[in-house]
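To keep things clear, I will list the structure first and then write my remarks on it.
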Amino acid sequence: MSTRDELVFVPLGGVGEIGMNLGLYGYGPPEHRTWIAVDFGVAFAGPDLPGVDLIFPDITYLEEERTNLVGILITHAHEDHFGALIDLWPRLRVPVFATAFTAGLLTAKLASEPGSELIPVNVVAAGSRFTVGPFQVEYVNVAHSIPEPNAVVIETPLGTVVHSGDWKLDDDPVIGHPTDAVRLKALGDAGVLALICDSTNAMRAGRSPSETEVARELIEIVGESAGRVAFTTFASNVGRIRSVAVAAASAGREVVVVGRAMRRVIDVAGELGYLDDLPPFRDEETYPHLPRGKVVALLTGSQGEPRAALARVVDDDHKTVALDRGDVVVFSSRAIPGNEVAINRIINGLTERGIRVITDRERLVHVSGHPRREELRQLYGWLRPAIAIPVHGEAMHLSAHARFARELGVPAVLEIENGAMVRLAPLPAAQVDEIAAGRIYKDGTIIGDIDMVGVPERRRLAFSGHIGVALVMNERGDVELDPEIVLTGLPKTERNGRPLDETVMTAVLGTLDSIPRPRRRDPEVVREAVRRSVRAVVAEAWGKKPVCTVFVAVV
Ligand SMILES: [Zn+2]
Ligand SMILES: [Zn+2]
């Protein structure tokens, strides 16, 4: 350890947004740091990014620092924590550490994406301690809404950091163990320099209910239903899947699994023993053969995803699964902000067909996997960190968390943004640098920045369409053939009933006439003059300026 050594933290994603978590810890003198990354997550694109499948943190900085990056620690297998590995790991090729369930789900996902490169994973378990470069790492079990969630503890000669990951306190989780309070208290007693902590529910007072209370509610719902009962939940919530299976068994019903993502998780969880002592899960082919009072369906699509099983059932578009008047659908999930419209479409579709819908608004059919304020209070009490940095939240969650941490007496609470490099040690903590942090987008098979994948132009096209004009001229500057015009995504007629393509054609011919012949020999002049006049007449007729492309061939 040299006297110039520092311990720094830089989030490249997940701060100011819920999604694409990626935190970096650096150790060493400022000109030669060794890095370790915690989590490698994605975010999902909304309608403002038409055609984009996934959003990743921009890892340009990590690519430059690749030889100084000693490993990637994955806390748990939610997409916002490990979803970027498949696409971005090949750019880094550094060791990955994760638990058996996370590794199993990663392998299963890779298998379903042909052509993907295998990612070797060093499998670790809660309680494991291991050394990666200058970092002594420990995985500490926490409760959350997926198997094997962990906080990671990173020890350096300059101090110990606890990176909470996603967690809650639950004395009675359906699978796994409660958050390891004994270990966390011991860490606090030994001295914690910094806590980098989940802010998702920092605006909510009290404590979140236990997963076991949800399990009881599900038993009641199945018990009081006469027709079919269908549950939709996050595919990765194995505890909830287990509770559904227990509720079904208690009413003498079979569970039918509908949807690939759900099947994949059940297979991986089953291999690791998380679904032991339950009757077997049935495939969807069994569904039509089971009497209505003997079936519980477990479907993907709780977020209203149009291609998932539930949406297909609502649209009567599913091969084997149908629901009828008198059946019940339970959303054992929460609406992720931005998905409300899609979810309401499903709920309305079901309701119109006489199917009863139960959501977490009327009954305790879902609990969050994130800590509310009393749970945060408990963790801060155990760890008593010198520094708190709220992460995993939008601006409002981060600032509520920061205010609360100050109330709890944390000496230094830092509110930062993605890209901020914060020195944690030696104290005092302070922002010392800034790294270009941003987003990159996966669009089909291409990954790039927003201009590179063409989203701004695609938005313009979605708003106002496209006009193509093809002209064939001769070397003297005369039109050889009649112009060709193609209007895509425009109104057919103007307000006065005149076909819009006629207006465009008149403008094209008029413009050609108006250009003096010597100038018409220059294809560039013709192209630009026609483009401008077409956009102008359409703007006059329609009030919008479409994208216009003019092709000029000279023969
Ligand atoms: Zn999570
Ligand atoms: Zn998360």
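Where in the range 26-90 are the strands (runs of 3 or more DSSP E), entirely inside, with at least 1 residues that are within 22 Å of residue 103 (Cβ to Cβ) and either of a type in the set (S, T, N, Q) or within 14 Å of the chain's Cα centre (by Cα) (or both)?
Details: elements: 34-38, 54-57, 69-73.
Output list reads 54-57.
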Please go through (1) within 16 Å of ligand 1 (Cβ to nearest atom); (2) open to solvent by 10 Å² or more (accessible area, probe 1.4 Å); (3) part of a strand (DSSP E or B) for residue 23 and return the number of the only condition it doesn't satisfy. (2)
List the pairs whose first member sits in the range 84-113 and is touching a residue at least 40 places away in the same chain (Cβ under 8 Å), whose second member is part of a helix (DSSP H, G or I) and open to solvent by less than 20 Å² (accessible area, probe 1.4 Å), and whose Cβ atoms are under 6 Å apart, counting only residues at least 6 apart or on separate chains? 104/268; 105/268; 108/268
For the range 154-213, what are the residues that are open to solvent by less than 40 Å² (accessible area, probe 1.4 Å) and charged (D, E, K, R)? 166, 168, 170, 198, 211
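Checking the structure you have, find out if any residue of the range 393-409 is within 16 Å of ligand 1 (Cβ to nearest atom), in contact with a helix residue (DSSP H, G or I) (Cβ under 9 Å, 6 or more places away or on another chain) and of a type outside the set (Lys, Arg). So that I can check it myself, show each step before the final result.
Going residue by residue through the range 393-409, those that are within 16 Å of ligand 1 (Cβ to nearest atom) are 393-394, 397.
Then keep just the ones that are in contact with a helix residue (DSSP H, G or I) (Cβ under 9 Å, 6 or more places away or on another chain); that gives 393.
Adding the requirement that they be of a type outside the set (Lys, Arg) leaves 393.
Scanning the range 393-409, I find at least one residue that is within 16 Å of ligand 1 (Cβ to nearest atom), in contact with a helix residue (DSSP H, G or I) (Cβ under 9 Å, 6 or more places away or on another chain) and of a type outside the set (Lys, Arg), so the answer is yes.
When you go through 374, 417 one by one, which is the residue that is away from ligand 2 (no atom under 16 Å from the Cβ), acidic (Asp, Glu) and part of a loop (DSSP other than H, G, I, E, B)? Full working, then the answer.
Numbers: 374 fails: part of a loop (DSSP other than H, G, I, E, B).
It is 417.
Are any of the residues in the range 346-362 within 16 Å of ligand 1 (Cβ to nearest atom) and either part of a helix (DSSP H, G or I) or in contact (Cβ under 8 Å) with a residue 40 or more places away in the chain (or both)? Write out each step before concluding.
Taking the range 346-362 as the starting set, the residues that turn out to be within 16 Å of ligand 1 (Cβ to nearest atom) are none.
Checking the range 346-362: not a single residue is within 16 Å of ligand 1 (Cβ to nearest atom) and either part of a helix (DSSP H, G or I) or in contact (Cβ under 8 Å) with a residue 40 or more places away in the chain (or both).
This table checks each residue for (1) under 21 Å from residue 198 (Cβ atoms); (2) touching a strand residue (DSSP E or B) at 6+ places or on another chain (Cβ under 7 Å); (3) at pLDDT 95 or above.
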site: 369; (1), (2), (3): yes, yes, yes
site: 388; (1), (2), (3): yes, yes, yes
site: 398; (1), (2), (3): yes, yes, yes
site: 414; (1), (2), (3): yes, yes, yes
site: 423; (1), (2), (3): no, yes, yes
site: 437; (1), (2), (3): yes, yes, no
site: 440; (1), (2), (3): no, yes, yes
site: 446; (1), (2), (3): no, no, no
site: 465; (1), (2), (3): no, yes, yes
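In the range 219-236, is there at least one residue being free of Cβ contacts under 8 Å to residues at least 60 places away in the same chain and within 28 Å of residue 110 (Cβ to Cβ)?
Applying the first criterion (free of Cβ contacts under 8 Å to residues at least 60 places away in the same chain) to the range 219-236 yields 219-220, 223-224.
Okay, now just the ones that are also within 28 Å of residue 110 (Cβ to Cβ), so none.
No: the range 219-236 contains no residue that is free of Cβ contacts under 8 Å to residues at least 60 places away in the same chain and within 28 Å of residue 110 (Cβ to Cβ).
Listed here are the residues, each with its yes/no results for (1) more than 14 Å from ligand 2 (Cβ to nearest atom); (2) free of Cβ contacts under 8 Å to residues at least 60 places away in the same chain.
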site	(1), (2)
18	no, no
22	no, no
25	yes, no
31	yes, yes
37	yes, yes
41	no, yes
55	yes, no
78	no, no
81	no, no
Can you name the residue in the range 127-153 that is part of a loop (DSSP other than H, G, I, E, B) and away from ligand 1 (no atom under 16 Å from the Cβ) and, of all such residues, is surrounded by the fewest Cβ atoms within 10 Å (Cβ to Cβ)? 127
Check off (1) more than 17 Å from residue 78 (Cα to Cα); (2) modelled with pLDDT under 95; (3) of a type outside the set (S, T, N, Q); (4) open to solvent by 40 Å² or more (accessible area, probe 1.4 Å) for residue 260 and give me the number that stays unchecked. (1)
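Condition first: over 16 Å from the mean Cα position of the chain (by Cα) and buried (at least 17 other Cβ atoms within 10 Å of the Cβ). Now tell me which residues in the range 2-20 satisfy that. Lay out the reasoning, then the answer.
Quick first cut of the range 2-20, residues over 16 Å from the mean Cα position of the chain (by Cα) only: 2-11.
Across the range 2-20, the qualifying residues are 5, 6, 7, 8, 9, 10, 11.
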Which residues, taken from the range 407-439, are of a type in the set (A, V, I, L, M, F, W, C), open to solvent by 50 Å² or more (accessible area, probe 1.4 Å) and within 28 Å of the chain's Cα centre (by Cα)? 436
Residue check for residue 457: among the acidic types (Asp, Glu), under 16 Å from residue 545 (Cα atoms) and touching a strand residue (DSSP E or B) at 6+ places or on another chain (Cβ under 9 Å): yes
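The values are calculated or read from the model by the stated rules, or taken from the named source; none is laboratory data. Just so we're clear, the structure is a prediction, and the values are computed from it rather than from any experiment. Don't worry about glycine lacking a Cβ; one is built from the backbone with ideal geometry, like all the others, and counts go over all protein chains shown. SASA here: full protein model, heavy atoms, side chains in, ligands and nucleic acids out. Shrake-Rupley method; radii C 1.70, N 1.55, O 1.52, S 1.80 Å.
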